[in-house]
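Data first, discussion second: the structure below is written as structure tokens.
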């Protein structure tokens, strides 16, 4: 296939994943400062399936769409106020988390074990950045920020990392088998 067509297809796929992130963001369990959402699962899926470049693009598109005011963030919210609010650090970290997950899988092997490790580390990136942001924005002490912004999300994060790895690798295999992923994404099929 023509590389221009392949690039366009992958950019459109990244846009679809940005929409999926926005949809899963609406799956929430409310907590006092930061809710548990499906966003991190969607970020893990995007990065596991699409790799570093297009997984990161999907996270970036999601963040930008929400930043301009479309209600794609948790609780059907959007705008710069959310980005600069208590949960903004988690949203900004999605770009870095997606890049790392995709990069790690590309550098190791596209299998469930490596995808799980990548998604676990991605979760730590997300929670660390979000907790640091929460500490500054909410003017909390480090123990308070850690208790509110990190600890409640560990178990759910592990479960979402496992789901993103398992589902992501299965979808990635199927897309590769019908040649819907570029050749570079098929480098290490599981």
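The values are calculated or read from the model by the stated rules, or taken from the named source; none is laboratory data. Here the structure is a predicted model, which is why all the values come from computation and not from measurement. Here the Cβ positions follow ideal geometry from the backbone for every residue, glycine too, while neighbour counts run over all protein chains shown.
Scanning segment 144-190 for residues that are outside any helix (DSSP H, G or I) and modelled with pLDDT of 95 or more gives a single hit, 150.
Annotation note: of 134, 163, the sole residue that is more than 13 Å from residue 48 (Cβ to Cβ) and either touching a residue at least 60 places away in the same chain (Cβ under 8 Å) or touching a helix residue (DSSP H, G or I) at 6+ places or on another chain (Cβ under 7 Å) (or both) is 134.
Only residues that are part of a loop (DSSP other than H, G, I, E, B) and either touching a strand residue (DSSP E or B) at 6+ places or on another chain (Cβ under 9 Å) or modelled with pLDDT under 95 (or both) were counted across segment 54-75, and they come to 3.
Can you find, within segment 7-36, the residue that is nearest to residue 57 (Cα to Cα) among those that are in contact (Cβ under 8 Å) with a residue 12 or more places away in the chain and part of a loop (DSSP other than H, G, I, E, B)? Checking each candidate, the answer is 25.
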